[in-house]
Amino acid sequence: MNQTLERWSSRRAFILAVTGAAVGLGNIWRFPYITGENGGAAFLLLYIAFVVLLGLPVMMAEILIGRAGRRGPMQSLGHLARQAGSSGHWRWLGLFGAFTVFCILSFYSVVSGWSIDFMVNAFSGGFVGKTGPEIGAGFDAFLADPLRMTLNHTLFLVMTMVVVAAGVSKGLERLNNLLMPLLYLLLIVLAGHAATMAGFGPALKWLFTPDFSALTPLVFIHAMGHAFFTLAVGACALMAYGAYMPDHQSLPGAAVAVAVLDVAVALLAGIAIFSVVFTQGMDPAEGPGLVFVTLPVAFADLPGGAFWLGLFFLLLLLATWTSSINLAEPMVATLQGWGLKRRSAALVVGLCVWLVGLLCVLSFSTLSDVYLIGQMTFFGLVSTIPPEVFLPLGGLLIAIFAAWVMPEQEALRALDAGPNGFRLWRAVVRWVSIPLVVVVLVSGLI
Ligand code: TRP
């Protein structure tokens, strides 16, 4: 396939697109609940360390491969590998990435669908005056209703694939320009609202006073996987976006901006959610239902609660929308590389993801007793193994490719940070990021 001539229209558009990919369920749903399950501050600190030492350098590696190749992930990898005199088999890394995002999108779409249902319910006052146990029971009843879950999953996936079919720059730029600033505004309002709650102080204390005795090798795996997941790194999805990156934009500058925004959103969401948890005396380790149960409880008897809660789920929906569009991109790009038209590719991807998503839906009802590896339901499996094992593995290979395999001149040019910036980045990837992924993966999995 020839090089793409399509570009994001500005530097800001590129940063917005990557932030749109990064900020999503990972920040607002997954971050609070796994931080809750892993003991709070020590986990948070570890996750931030992984973002800085691993997520950021590997994010730069991933985007620069796309930018140097200016093609779909598989084609960029194959092209650059051959140029360096290496094996064209590197292109299979693009396929592995597409498989990873396929697994992720199948549960991502289901959980994002929850926010559609909850948004409608919240705005229409469905949670007003309900007690904690009533809301908890309502959430359980929702999970046990495959039809309602399927409807929301379908709606969300259609929303996603329509934008994907319209083409990245056209569909996505317009959406991002509007949604991202709105999202930050809404989050700041919510965090400000949380500051007036009694649980605000305890929440801050719990989030920022680490207890290192809680750290085990498995907690390292969770934190590492989450750093990759939240930054959207490790599945060649940002590589696909890098192909459209404008010339004359420093890649490290853009990547740092994205990571700062991403961590800021997670912290704001965490503060808002745990303030509620501590105000209501709830359990931070509630699990995947955390956001969906605690927030309706908190807002149930507040003045204007229905509105604030609806707004929160609207915000979550907007954030997950731009992320899922990014999740679909490597698959669509791969099929396009194999000669399919963009629309047909989007249709095929949508249908396959929808079908596997049904298994996630049923994991909460009909298939809730079917356990796969390690006592996990199908949903448990696809929401754990791909983020925590496939993404770090993919990230490791991406890092090796960018720092050891691809032609140095190409990497230097695509990073666009001068010779010293390049040497610093490459040294960090070679001697910090790569060994760190290997050590954490090996020690966590044995
Ligand atoms: N980062 C997104 C989130 O936090 C999820 C996501 C979007 C993603 N694109 C990705 C995860 C690519 C891995 C790979 O919700």
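What to note about this one:
- Those residues of the range 403-418 which are of a type outside the set (Gly, Ala, Ser) and closer than 16 Å to residue 66 by Cβ, in sequence order: 405, 406, 407, 410, 412, 413, 415, 416
- The set of residues from the range 347-365 being in contact (Cβ under 8 Å) with a residue 60 or more places away in the chain and open to solvent by 50 Å² or more (accessible area, probe 1.4 Å) comprises 347, 352, 354, 359, 362, 364.
- In the range 157-215, the residues that are assigned to a helix (DSSP H, G or I) and polar (S, T, N, Q): 160, 169, 176, 177, 213
- Matching option when the condition is of a type outside the set (A, V, I, L, M, F, W, C), assigned to a loop (DSSP other than H, G, I, E, B) and at pLDDT 85 or above, among 303, 296, 284: 284
- Residue 39 vs. criteria outside any helix (DSSP H, G or I), within 30 Å of residue 202 (Cα to Cα) and out of contact with any Gly (no Cβ under 7 Å at 6 or more places or on another chain): yes
- Residues (open to solvent by 10 Å² or more (accessible area, probe 1.4 Å) and either part of a helix (DSSP H, G or I) or not hydroxyl-bearing (Ser, Thr, Tyr) (or both)) located in the range 250-271: 252, 253, 256, 257, 260, 261, 263, 264, 267, 268, 271
- Test result for residue 71, buried (at least 22 other Cβ atoms within 10 Å of the Cβ) and outside any helix (DSSP H, G or I): yes
- Residues of the range 272-292 satisfying the condition of being surrounded by fewer than 20 Cβ atoms within 10 Å (Cβ to Cβ) and of a type in the set (Val, Ile, Thr): 279
- Filtering the range 187-199 for residues that are under 29 Å from residue 355 (Cβ atoms) and open to solvent by 30 Å² or more (accessible area, probe 1.4 Å) leaves an empty set.
For (1) closer than 19 Å to residue 290 by Cβ; (2) β-branched (Val, Ile, Thr); (3) at pLDDT 95 or above; (4) crowded, with 20+ Cβ neighbours inside 10 Å, each residue gets a yes or a no:
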residue	(1), (2), (3), (4)
29	yes, no, no, yes
80	no, no, yes, yes
90	no, no, yes, yes
101	no, yes, yes, yes
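- Top-ranked residue of the range 366-418 - restricted to ones that are on the phi < 0 side of the Ramachandran plot and among the acidic types (Asp, Glu), ranked as nearest to the ligand (Cβ to nearest atom): 388
- Those residues of the range 88-124 which are touching a helix residue (DSSP H, G or I) at 6+ places or on another chain (Cβ under 6 Å) and among the hydroxyl-bearing types (Ser, Thr, Tyr), in sequence order: 100, 106, 108, 109, 112, 115
- Residue in the range 226-243 that is more than 16 Å from the ligand (Cβ to nearest atom), assigned to a helix (DSSP H, G or I) and touching a residue at least 12 places away in the same chain (Cβ under 8 Å) present: no
- Scan the range 120-150 for residues that are part of a helix (DSSP H, G or I) and either of a type outside the set (A, V, I, L, M, F, W, C) or open to solvent by 30 Å² or more (accessible area, probe 1.4 Å) (or both) and the total you get is 15.
- Considering the range 24-74, and only residues there that are charged (D, E, K, R) and either within 16 Å of the chain's Cα centre (by Cα) or within 12 Å of the ligand (Cβ to nearest atom) (or both), the residue that is farthest from residue 332 (Cα to Cα) turns out to be 30.
The values are calculated or read from the model by the stated rules, or taken from the named source; none is laboratory data. The structure presented is a predicted model; accordingly, all values stated were derived computationally and were not measured. Using ideal geometry, Cβ is built from the backbone for each residue, glycine included, and neighbour counts are taken over all protein chains shown. Side chains are part of the model used for accessible areas, which takes the heavy atoms of the whole protein and leaves out ligands, DNA and RNA. Shrake-Rupley method; radii C 1.70, N 1.55, O 1.52, S 1.80 Å.
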